[in-house]
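For reference, the structure discussed in these notes is given below.
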DNA sequence: GAAATTCACGAAAACGGTTTCGTGTTGATA
DNA sequence: TATCAACACGAAACCGTTTTCGTGAATTTC
């Protein structure tokens with residue numbers, strides 16, 4: 001087992017000083033031809049690579065970015081991570097992924113763990129619990145230490161930082177408009193509590209109905225506690241209400257709902273149409289395939305990474321924060337009338 | 001913007017030495033009551049947290065583990081990551097995720113980048129390209145430097161290290177047995193080139209057929225170049241062959257195939273049954289839902305993390321490598337006859 | 001031939017901790 | 001009163017780099 005070789009080893013072996021080795025390997029003009037060649041050859045031979053940790057300590061830059069998301073087994077978040085990873089990697093950064101598992105405490109612990117020098121900046125999306133507690137002190141703490149932070153998707157106005165979101169309100173608005181335009185009259189909404197994105201989508205739903213002079217029927221709205229599916233609640237909902245279209249704030253709700261109504265013998269989209277949020281594999285391969293509001297996760301991750309690395313590499317421009325809004329687009333499939 | 005406070009700051013402020021501060025904060029017996037209390041109070045007040053990088057440099061332990069996977073927008077890999085993350089986090093480790101994007105070069109670059117001190121060990125699954133090139137020098141390099149490595153799912157015998165896999169051969173065997181037992185006679189296989197897991201699954205398919213005295217029909221086997229879907233090839237396949245059951249090495253192949261045959265008017269599972277690998281959301285929410293071979297990704301990740309952290313924390317037991325085999329289980333759903 | 005440059009390299013500080021090994025002061029002991 | 005622990009703390013080395021500043025020798029300049 002050949003241990004990693006250091007500058008000190010090379011220096012000792014070649015009987016020169018550590019500084020000389022360091023400079024020689026950076027091809028400094030200060031060092032003579034012969035010495036440089038000798039050192040470079042030796043370094044190559046023993047496959048010398050500088051120790052990242054030592055370099056990080058020296059220049060207070062880790063080239064790591066911390067990403068904290070609520071869950072990873074979730075198509076949207078994985079696409080965002082991919083976007084972040086691709087961009088960061090091209091810029092020479094590594095991505096440290098932490099899962100808050102929708103828990104406030106884990107979110108706080110993870111941030112504190114990484115904030116002590118492990119990363120140059122954060123990209124994060126809030127956990128459900130954090131959004132319902134409405135407690136953002138851990139984020140404020142981090143930003144007040146001068147650590148750059150970019151929030152995406154699930155964000156809050158309480159924290160001053162760069163943000164990137166899709167236009168959720170408008171996405172929902174367009175979706176509902178589409179349903180109305182195709183002649184649907186009784187449009188249901190399945191959303192969740194406390195989540196910023198869910199709230200914005202709900203606004204879009206209200207707006208579209210209002211514009212068309214349609215009344216909001218509270219019984220047409222099913223609010224679930226979180227983004228994970230609660231099958232009984234949905235079964236129950238469709239036993240209770242009689243609607244001809246449904247907008248769901250995520251694709252699982254929509255897919256599951258479609259199965260329920262299909263089992264009741266209803267035809268999609270003739271009897272009842274569906275639109276979901278998050279354009280994932282489920283939407284694409286469902287039967288019928290699901291019309292959905294694309295969130296452009298990969299693009300979102302890329303923008304977030306870009307904003308973060310910009311901030312990291314140019315300390316000057318502090319305190320000017322941008323919020324990038326990505327337009328939501330509707331991917332039409334079989335679950336809606338054209 | 002309050003910058004991070006260091007031992008040096010505290011020492012200067014309280015007019016003691018840095019060593020005294022360090023010891024006081026570790027509650028060392030060496031330091032007097034009064035001094036300790038004073039220092040601890042001060043540290044708490046200014047929210048002192050030791051710098052991870054400095055600690056890493058000192059004790060040559062980063063508490064980071066590197067995970068390299070081919071793709072993250074893939075249910076199986078995300079479940080593995082979740083398993084790794086959960087276990088690692090509980091043990092105080094962070095997870096650095098790198099995507100090889102199925103590319104040999106990116107795999108090599110990522111490993112080299114992390115191997116220079118950033119991580120204590122690797123967990124990885126080979127990229128398609130690496131498996132087809134059959135070049136594992138980057139892995140051998142890493143292990144020869146004494147960096148612990150655990151491979152999962154897509155592994156190779158060429159590298160001596162801990163491994164965790166599911167019993168792919170047996171999973172496929174059980175799946176095909178199930179199809180045969182339910183009376184199916186013409187069983188197709190959709191697999192991929194070069195992938196260790198795909199090869200093992202193909203063996204299981206052969207074995208089950210052989211045991212039942214059924215002949216392997218080469219035209220019943222469709223081999224795709226990689227795990228991503230090639231729609232035309234599948235369309236074509238089902239125009240060409242007439243089979244009454246299909247085993248697919250991943251769920252996308254199966255889901256897509258089901259849609260194809262449904263459009264041709266065939267009934268599932270009466271006319272044609274399907275079993276896929278990877279028990280993801282697609283299988284669960286497809287219509288009909290898909291019987292599948294569960295890969296227990298989360299468990300796999302947990303075991304891999306456990307093996308790795310064991311090795312990292314007990315340097316002694318080098319050169320005894322284990323391969324943990326997880327039994328594949330079949331999740332029965334609507335796409336097969338019971 | 002003396003002074004001024006240039007050249008090629010080394011010493012040392014710094015990053016932020018941990019840890020070993022003194023060492024001066026105190027109180028107890030003989 | 002001289003001796004010796006025990007106590008409480010500091011100096012310094014170390015982890016592996018980078019970088020500033022010196023410095024002795026060689027070379028050029030006048």
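Every number here is computed from the coordinates shown, using simple stated rules; none is lab data. Computed from a predicted structure; not experimentally measured. Note that we place each Cβ from the backbone using ideal geometry, even for glycine, and neighbour counts take in every protein chain shown.
Values computed for the structure shown
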| quantity | calculated |
| --- | --- |
| Estimated FRET transfer efficiency when R0 is 41 angstrom, pair residue B:263-residue A:223 (beta carbons, to 0.05) | 0.65 |
| Alpha-carbon gyration tensor eigenvalues x 5, square-rooted, for the protein assembly as shown, Å | 47, 35, 21 |
| At 1.002 mPa s and 20 °C, Stokes D of the stretch B:156-212 from Kirkwood alpha-carbon radius, µm² per second | 175 |
| Descending principal axes extents, the stretch A:209-280, alpha-carbon based, whole Å | 31, 28, 25 |
| Computed over the stretch A:1-141: relative contact order in percent, which uses C-alpha pairs under 8 Å that are six or more apart | 22 |
| Pseudo-label separations to other copies for residue A:289 - Cα-to-Cβ vector, 7 Å, nm | 2.4 |
| Sites residue B:329 and residue B:232, calculated FRET efficiency, Cβ-Cβ separation with R0 35 Å, nearest 0.05 | 0.60 |
| Descending semi-axes in whole angstrom, ellipsoid equivalent of the stretch A:220-338, from the Cα gyration tensor | 37, 16, 11 |
| B:196, B:17, B:283 arranged by Cβ crowding within 10 Å, fewest neighbours leading | B:17, B:196, B:283 |
| Angle between chain A longest axis and helix A:231-240 axis [Cα atoms, degrees, rounded to 10] | 20 |
| Distances in nm from residue A:241 to the matching label points in the other copies, shortest first (labels 7 Å along Cα to Cβ) | 4.6 |
| Kirkwood hydrodynamic radius over Cα pairs of the stretch B:56-193, then Stokes diffusion coefficient at 37 °C and 0.692 mPa s, in µm²/s | 198 |
| Exam field: residue B:40 pseudo-label spacings to other copies (7 Å along Cα-Cβ), nanometres | 5.6 |
| Tilt relative to chain B, helix B:75-90 - C-alpha long axis, 0 to 90 degrees, to 10 | 30 |
| Exposure proxy ranking, count of Cβ atoms within 10 Å, fewest first, for A:227, B:86 | B:86, A:227 |
| Angle between chain B longest axis and helix B:104-115 axis [Cα atoms, degrees, rounded to 10] | 20 |
| Estimated distance in nm for a label pair at residue B:210 and residue A:17, the labels positioned 7 Å out from Cα along Cα-to-Cβ | 7.0 |
| Label zone at residue B:103 (point 7 Å along Cα-to-Cβ), backbone N below 17 Å, the stretch A:302-338 | A:302 |
| Rg/Rh for the stretch B:100-167, where both radii come from Cα atoms and Rh is the Kirkwood radius | 0.93 |
| FRET efficiency estimate (nearest 0.05) - Cβ-Cβ, residue B:313 to residue A:5, R0 25 angstrom | 0.55 |
| Packing-based exposure ordering (other Cβ within 10 Å, fewest first) of A:75, A:226 | A:226, A:75 |
| Rg to Rh, two decimals, where chain B supplies the alpha carbon set and Rh follows Kirkwood | 1.15 |
